[in-house]
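Worksheet: the structure to be examined is printed underneath.
Nothing in this text is a laboratory measurement; each read-out follows from the coordinates by a stated rule. Worth saying up front: this structure is predicted, and the values here are computed from it rather than measured. Cβ placement follows ideal geometry from the backbone for every residue including glycine, while neighbour counts extend to all protein chains displayed.
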Amino acid sequence: MGFMILNAAGERVLPGETVIDFRGDPAKLIKAVRGQAPGYSGKVLVEWPKDGWRQVYYDKVFGLVVRWMPDVPADFPVQPVTSATPEQPYTIATCGTCGRSWDDALVTSYTPAPAARCPFEAFHPLDLP
Ligand SMILES: [Zn+2]
């Protein structure tokens, strides 16, 4: 299971980006370690720039929301791609919800994807109850 990390504005935050705690102090986001679930807060691992100290905090300390996001199985007909290749720079589509990209020129049972649909919808972040 992977994670999706969102800021207060609902925008994706990626590992390596700077996050600000409730005191206004910046830290480097290393990774999410737990998603929100009933009775559980999300948690993130951050690194403080002053001394390189790494520590786990609740996501809300940094105004973040960590959600669980199922991984795409290795045998799923469409696999996420990380970037456009020089051979096919115009056929890479990206989902605004999960942030995954795929080659929409590939003909599978899921792609080309109908407008505004994502082939990875079954693996989108889990809704909070
Ligand atoms: Zn998606």
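Structure above, values below:
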{"quantity": "Given charges at Cβ of Lys, Arg, Asp, Glu: the chain dipole, positive-most of Leu29, Ala122, Gly2", "calculated": "Leu29"}
{"quantity": "Selected from Val13, Val107, Val33 as most flexible by GNM, with the chain as the system and alpha-carbon contacts under 10 Å", "calculated": "Val107"}
{"quantity": "Packing-based exposure ordering (other Cβ within 10 Å, fewest first) of Cys118, Cys95", "calculated": "Cys95, Cys118"}
{"quantity": "Residue order, fewest to most beta carbons within 10 Å, for Trp68, Trp102, Trp53", "calculated": "Trp53, Trp68, Trp102"}
{"quantity": "Candidates Gly16, Gly35, Gly24, ranked by Gaussian network fluctuation over the chain, Cα under 10 Å, top entry", "calculated": "Gly24"}
{"quantity": "Per DSSP, loop trypsin sites (Lys or Arg not before Pro) in the stretch 1-54 with at most 13 further Cβ within 10 Å", "calculated": "Arg23, Lys50"}
{"quantity": "Likely footprinting exposure, Asp127, Asp21, fewest C-beta neighbours within 10 Å first", "calculated": "Asp127, Asp21"}
{"quantity": "Estimated dipole of the chain in Debye, rounded to 20 [Cβ of Lys and Arg +1, of Asp and Glu -1, Cα centre]", "calculated": "460 debye"}
